[in-house]
Every structure is written in C-alpha cells, then in structure tokens.
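> Shown below is the structure under consideration.
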Amino acid sequence: MRAWVALVAVLLIAGPAWAQGVSPCVPSTATHQRWTMKTRAAPAGGLEDAQAVTIRQMVRWAVPRGKNLIDEPIVERERTVVTVRGFVRLAKLSPDDCDIHIQLGAEATRHHPQIIAEIPPDAMALRLRFAVLLGVRVTKAAKYFDGAAAVPMILTGYAFLDSSHWSSRDSRAGYGHGRGVATLWEIHPVLDVR
C-alpha cells in the first residue's frame, strides 16, 4: 500500500514537471559560432554581483559595426553578468544548437522592445525550471505569449553580442534575429531564472 501511495505522490509531483519540461533535441549543425562564449560557466564569485539592467537600456547599448565571430569577448561589456526583468513573449528550442531561445519583452504586449536570451542544452536543471515557470513544454515549435499570457520572469546571465546577425540595413537589430527583437545584445548563456 505504501508503495502505491509513494508512486501516486511521485506522479503528482513529477507529472506536471515532465509535461512542462523540454522536448528532446538533436542539434541540426555540428559547429556553432562563438560556442565557448555561448556556454560560459557562471563567474567563480557567483551571481550576486550581477548588474541590474532594463531591456530598454540593453536596446540602447552600442552595437559595433560588422560581423565579428571570435570566440572571446568582442567588447568589454561581454564580460558582464546582467539581470533583466521582462515578459516572456516567445519560447522555443533552436534546432541548430538546441538552446532554449527566449524573446523577453519590456512589456507584455507587442509594441515594446524585446531581447533574446538563450539557455544552453547542458543546463538541464535550469531548462526544466524555465519550462515549469513558463507553464508549458518547450519544443521546436515556437510558443507565443501576448498580453495576459506573457509570463513575467527575471533572467540572469552574460551580456552577449550576437554579431552573426549584423546587417548594414539595420546595424542595431540585425537580420533573422527574431520578430520584435530590437538589438543584437542578448543574455547568453542564461545562468539563472526566477
């Protein structure tokens, strides 16, 4: 009898977490630009010194001209750990590298700037926590959240300049970087989710 009670308890606790987990993913490409930068570990001193910034501040950060794909900081700001508050507007698994791709908006509705944040595939506990807080299973199919459906979240991680999307037509937001995304500055990797 106790075994049945324990099994039911596990299913009641783990069932919703599994349903709100992350689908399996196999990367579609073998190499990824700036992978060392995108998968950095948290600083040795922890995340207590993270700099609080807003999405609107990140959108105003200068974006250096051109594509620079070196696997080390392009500018000093990429050494900074930041904490940003916002609303999850989109979440999906990126098929190329299996990162959880997040579009975080300054507000819960469409016409406000958004940034990208990414959780790498090796951060399994963090990925599960994100999915549980979001309340849905994260898959390769993009899930959109607008208005009351947009989920407020606080993300902490390294400032990262995704210059692979740089374009002379729009040097701040680039091309192919996501609808509504207003800057090439991202949080990548995300190191904490609340």
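> Once the Cβ-Cβ distance between residue 122 and residue 70 is put in as r, and R0 is 25 Å, what FRET efficiency do you end up with, to the nearest 0.05?
Values: r = 22 Å, r/R0 = 0.88.
With R0 = 25 Å, the Cβ-Cβ based efficiency is 0.70.
> Let me ask something additional. Taking all pairs of different Cα atoms in the range 39-194, averaging 1/r and flipping that mean, what Kirkwood radius in angstroms comes out? Walk me through the intermediate numbers first.
Values: mean 1/r = 0.0645 Å⁻¹.
Taking the inverse mean of 1/r over all distinct Cα pairs, the range 39-194 comes out at 15.5 Å.
> On the first, second and third principal axes, largest extent first, how far apart are the outermost C-alpha atoms of the range 112-194 in Å?
39, 29, 22
> Would you work out if the range 25-73 is rounded, prolate or oblate? Take a ≥ b ≥ c from the square roots of the eigenvalues of the alpha-carbon gyration tensor; rounded if a/c is under 1.5, else prolate when a/b is larger than b/c, oblate otherwise.
Values: a/c = 1.96, a/b = 1.25, b/c = 1.57.
Note, shape of the range 25-73 comes out oblate.
> Let me ask another. If I stretch the segment between residue 49 and residue 132 completely, what's the gain in nm (0.36 nm per residue apart, minus their alpha carbon distance), one decimal? Don't jump to the answer; show the numbers that get you there.
On the way: separation 83, 0.36 × 83 = 29.88 nm, distance 2.60 nm.
Length gained, residue 49 through residue 132: 27.3 nm.
> Give, as ranges by residue number, the residues of the range 110-127 whose backbone N falls under 16 Å from the point 7 Å along Cα→Cβ of residue 35.
From the range 110-127, the list is 120-123.
> Oh, and also: On the protein heavy atoms, probe 1.4 angstrom, tell me the percent of accessible surface of the chain carried by carbon and sulfur. Intermediate results must be reported in sequence, preceding the final value.
On the way: 6000 of 10280 Å².
On the chain, the fraction of accessible area on carbon and sulfur atoms equals 58 percent.
> How far is helix 2-19 tilted, in degrees, relative to the longest principal axis of the Cα atoms in the chain, given as a value from 0 to 90 rounded to the nearest 10?
20 degrees
> Run lengths n ≥ 4 of DSSP H only: what is the helix-derived mean residue ellipticity at 222 nm for the chain, with -39500 (n - 2.57) per run over all residues, to the nearest 500?
Values: 4 runs with 39 residues, N = 194.
Computed ellipticity for the chain at 222 nm equals -6000 deg cm²/dmol.
> Per residue, how much accessible surface does the chain expose to a 1.4 Å probe? Answer in Å², no decimals. Each step should come with its number before you reach the end.
On the way: 10280 Å² over 194 residues.
That works out to 53 Å² for each residue.
> Using a basic spin-label model with each label point 7 Å from the Cα along Cα→Cβ, how many nm lie between residue 60 and residue 164?
Reported label-point gap for residue 60 and residue 164 is 3.0 nm.
> In the Gaussian network model of the chain, springs joining C-alpha atoms below 10 Å, which of 57, 33, 114 carries the largest mean-square fluctuation?
57
> Then there is this: Using Cα pairs under 8 angstrom and six or more residues apart, how large is the relative contact order of the chain, in percent? Don't skip to the end; give the middle numbers.
Working: 402 pairs, mean separation 54.1, N = 194.
Taking the mean separation of contacting Cα pairs over the length of the chain, I get 28 percent.
> Between 0 and 90 degrees, rounded to the nearest ten: what's the tilt of helix 124-134 against the longest Cα principal axis of the chain?
Between helix and principal axis, roughly 80 degrees.
> How high is the relative contact order of the range 99-156, in percent, counting Cα pairs under 8 Å that sit 6 or more residues apart? Write out the running numbers ahead of the final one.
Working: 51 pairs, mean separation 19.3, N = 58.
Value for the range 99-156: 33 percent.
> Still on this structure: Using every pair of alpha-carbon atoms in the range 97-142, split the distances into 5 Å bins beginning at 0 and state the percent of pairs per bin, rounded to integers.
Each 5 Å bin holds this share of Cα pairs: 5, 19, 26, 26, 16, 7, 1.
The values are calculated or read from the model by the stated rules, or taken from the named source; none is laboratory data. This one's a predicted model, so the numbers in the text were calculated from it and none came from an experiment. Ideal geometry is used to build each Cβ from the backbone, glycine not excepted, and the neighbour counts take in all protein chains shown. For accessibility, only protein heavy atoms count, side chains too; no ligands or nucleic acids. Shrake-Rupley method; radii C 1.70, N 1.55, O 1.52, S 1.80 Å.
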